[in-house]
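**Q** Let me begin by handing over the structure; questions about it come next.
The values are calculated or read from the model by the stated rules, or taken from the named source; none is laboratory data. Everything numeric here is computed off the predicted structure, so don't read it as measured data. Here the Cβ positions follow ideal geometry from the backbone for every residue, glycine too, while neighbour counts run over all protein chains shown. Only protein heavy atoms, including side chains, enter the accessible area calculation; ligands, DNA and RNA are left aside. Shrake-Rupley method; radii C 1.70, N 1.55, O 1.52, S 1.80 Å.
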Amino acid sequence: MLTLQNISYTHSNKDLLFSEINLTVNNHEKTALIGNNGVGKSTLLKIIAGELQPSNGQINVEVQPYYVPQIFGQFNHLTIAQALRIEDKLNALKEILNGNTSEENFSLLNDDWTIEDRCNEALNHWQLNNLNLTQKVEALSGGQKTKVFLAGISIHQPELILMDEPSNHLDIKSRQLLYDFVRTTKSTLIIVSHDRKLLNLLNSIFELTRQGIKAYGGNYDFYKEQKQIENNALNQDIQSKEKAMRKAKEKERVTLERQQKFDTRAKKNLGKAGLPKIVSNTWKNSAERSTAKIAGVHTEKISDISQDLQELRSSLPDIDKMKFGFDNSALHKGKVLFTATDINFGYDKQLLWKENLNFQITSGERIALKGKNGSGKTTLIKLILGDIEAQTGKIHQADTKSVYIDQDYSLLDNRLKVYAQAQQFNTSAMQEHEIKIRLNRFLFTKDDWDKPCNALSGGERMRLSLCCLTIQSKSPDIIILDEPTNNLDIQNLEILTTAINEYQGTLIVVSHDETFLEQIKIKRTMEL
């Protein structure tokens with residue numbers, strides 16, 4: 001079905017993204033492509049789709065792939081029919097039914113007489129029956145754009161399907177439709193995703209890293225088990241190298257001490273022997289060269305072990321390096337932070353909720369906020385934050401410090417560089433080296449400090465947002481996260497989960513990722 005041989009890709013600025021990628025996907029195989037942000041997963045998918053050309057290597061694709069991209073902005077100026085590349089067929093069918101039986105129309109239709117029926121069925125299946133194919137893509141929400149391209153699968157009926165983060169922006173019902181499709185389809189699938197429920201439906205995993213690509217013959221749970229075995233072996237290798245380093249240093253010390261004692265005795269004997277000065281100097285120089293040679297041999301051996309050790313340590317996962325380091329909220333658990341009594345809000349004189357809302361939020365709670373697109377989740381968040389006032393009912397809010405991290409991480413200033421952004425949150429007069437220690441803790445090394453925020457990936461923006469929160473003088477009493485797992489790779493997803501589980505304050509999360517909600521120990525659900 002698909003073979004990649006020695007594929008390389010170099011950016012326009014001459015930076016090498018990946019090289020010598022070899023990959024084979026067989027008919028009816030369902031495989032995932034995973035890896036950290038920035039290693040080139042989306043680029044490799046675009047190369048397979050034919051949207052990008054590799055710098056080197058050969059691609060053999062037996063069929064025309066169907067590609068569901070991660071980003072849809074390039075289609076905004078098109079109608080839905082144009083974006084799905086079915087406009088010409090639909091127009092030709094319409095012309096023929098209206099009596100224009102030209103050869104051109106029959107050629108465009110290519111005997112696809114069910115095209116219109118398949119379009120309607122596909123849109124209905126993906127809960128898009130209110131859409132018209134002549135609508136512009138720019139008028140659609142993120143979830144609707146994704147579902148339009150998923151509907152295109154039923155319309156085109158491809159044998160090879162490529163999907164880049166297909167569950168992003170999908171609500172729970174739409175995700176279930178996606179899972180059902182993946183489970184039952186006979187098509188060959190290659191999916192880039194961080195959605196662990198989706199990844200467990202696939203029968204093989206390809207992990208793309210800076211070192212190349214590696215295959216794992218099983219679903220995501222199997223991959224995790226294998227990675228744990230590999231990491232355990234890696235830790236054993238590190239411990240073995242550390243032991244070898246200690247032994248080498250000890251041997252160097254003992255050998256040099258022995259040589260120095262020998263040289264000292266030799267010098268004393270030379271003085272007693274009454275030898276000519278020229279002979280004495282020759283002997284002395286020879287002894288010094290011998291000592292230097294011994295030291296050089298040990299230094300080289302220690303340097304080799306040190307380099308091996310450094311390479312092994314650099315292969316360790318980054319997850320455990322990340323710590324929130326918050327001072328815990330001063331609020332005692334169970335204190336009432338927010339009370340809503342018969343509240344509602346409306347747009348264009350139309351109230352959002354059929355029934356007024358009544359609820360309380362107490363300190364230390366972990367709450368999932370759920371609801372379909374348009375159910376008012378963002379509006380409710382603004383009410384909780386105090387950004388807008390309820391149009392009916394009453395709100396009582398305690399004096400609290402809240403932080404809202406939205407999908408675009410807009411608390412970051414795109415005009416600033418990474419270090420300058422961190423300084424913006426330095427309300428406690430931290431020293432420069434302390435801020436840089438925090439940045440390093442969140443995986444921003446010296447090479448990243450001058451990088452502009454607008455050049456950061458989704459995972460990097462998430463990490464910088466969390467880092468900035470730890471630099472503030474006071475821990476927030478409430479953190480609100482809006483779809484925090486969108487566009488995060490698995491590494492950054494696990495980093496986020498680990499960091500959140502350290503936080504002791506009140507947490508409100510909007511997310512459709514059931515695995516994530518389970519792992520951050522959500523105890524209460526508010527469904528709109």
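**Q** As a test of the definition: which semi-axes, in Å, follow for the stretch 365-513 when you take the square root of five times each eigenvalue of its alpha carbon gyration tensor? Largest first, please.
**A** Taking √(5λ) for each eigenvalue gives 28, 18, 14 Å, largest first.
**Q** In vacuo Debye scattering of the stretch 1-92, one point per C-alpha: log10 I(q)/I(0) at q = 0.14, 0.22 Å⁻¹?
**A** Treating every Cα as an identical point scatterer, log10 I(q)/I(0) equals -0.64, -1.19.
**Q** Okay, next question. Could you check the spin-label model distance between residue 254 and residue 333? Points 7 Å from the Cα along Cα→Cβ, value in nm.
**A** Modelled inter-label distance: 5.4 nm.
**Q** Right, another one. How large is log10 I(q)/I(0) at q = 0.14, 0.20 Å⁻¹ when the Debye formula is applied to the Cα atoms of the stretch 53-181, each weighted equally and without solvent?
**A** -0.69, -1.19
**Q** Treating the chain as a set of equal point scatterers at the Cα positions, no solvent, please give the Debye-formula log₁₀ I(q)/I(0) at q = 0.08 Å⁻¹.
**A** For the chain, the Cα-only Debye profile gives -0.68.
**Q** To continue, here is another question. By how many nm would the segment from residue 416 to residue 12 lengthen if fully extended, with 0.36 nm per residue of separation less the alpha-carbon distance?
**A** So the chain would gain 143.0 nm between residue 416 and residue 12.
**Q** Taking Cα atoms, how many degrees apart are the long axis of helix 87-97 and the longest axis of the chain, rounded to 10 and kept between 0 and 90?
**A** Relative to the chain, helix 87-97 is tipped by roughly 20 degrees.
**Q** So, one more: Could you give the nm distance between label points at residue 424 and residue 261, where each point is 7 Å from its Cα heading toward the beta carbon?
**A** About 6.5 nm separates the two model spin labels.
**Q** Sticking with this structure for a sec: May I ask for the equivalent-ellipsoid semi-axes of the stretch 155-209, computed as the square root of five times each C-alpha gyration tensor eigenvalue and listed largest first in whole Å?
**A** Each semi-axis is √(5λ); the values are 16, 16, 11 Å.
**Q** Work out how far the C-alpha atoms of the stretch 452-494 reach from end to end along every principal axis, then list the three figures in whole Å, largest first.
**A** That gives 29, 23, 16 Å along the principal axes, largest extent first.
**Q** Relative to the longest principal axis of the C-alpha atoms of the chain, give the angle of the C-alpha long axis of helix 220-273, reported between 0 and 90° and rounded to the nearest 10°.
**A** Approximately 20 degrees, to the nearest 10.
**Q** Between residue 523 and residue 300, what is the FRET efficiency for a Förster distance of 41 Å, r being their Cβ-Cβ separation, to the nearest 0.05?
**A** Approximately 0.10, to the nearest 0.05.
**Q** If you don't mind, there's one more thing I want to ask. Measure off, as a whole percent, the carbon and sulfur share of the 1.4 Å-probe accessible area of the chain, all protein chains present.
**A** 46
**Q** Pulled fully out, how much extra length does the chain show between residue 214 and residue 237, if you take 0.36 nm times their separation in residues and subtract their Cα-Cα distance?
**A** Fully extending the segment from residue 214 to residue 237 adds 6.2 nm.
**Q** Let me ask something else. Taking 0.36 nm per intervening residue step and subtracting the Cα-Cα distance, what contour gain separates residue 77 from residue 504 on full extension?
**A** 149.2 nm
**Q** Let me ask something additional. If one takes the longest principal axis of the Cα atoms in the chain, at what angle in degrees, from 0 to 90 and to the nearest 10, does the Cα axis of helix 432-441 lie?
**A** The two axes meet at around 70 degrees.
**Q** Still on this model: What do you reckon, how do 474, 335 stack up by accessible area (1.4 Å probe), largest on top?
**A** Order by accessible area, largest first: 474, 335.
**Q** Now for a separate question. Taking +1 at the Cβ of each Lys and Arg and -1 at the Cβ of each Asp and Glu, which of 144, 101, 497 sits farthest along the dipole of the chain towards its positive end, judged by Cα position relative to the Cα centre?
**A** 497
**Q** Report the label-to-label distance for residue 154 and residue 401 in nanometres (one decimal), using points 7 Å from each Cα along the Cα→Cβ vector.
**A** Taking the simple label geometry, residue 154 and residue 401 are separated by 5.1 nm.
**Q** Still on this model: Over 17 Å apart: what share of the alpha carbon pairs of the stretch 375-454 falls there, rounded to a whole percent?
**A** 61
**Q** Same structure, new question: Once Lys and Arg get +1 and Asp and Glu get -1 on their Cβ, which of 426, 416, 509 lies farthest toward the positive end of the dipole of the stretch 368-515?
**A** 426
**Q** Using a 1.4 Å probe, what is the accessible area per residue for the stretch 460-509, in Å²?
**A** 17
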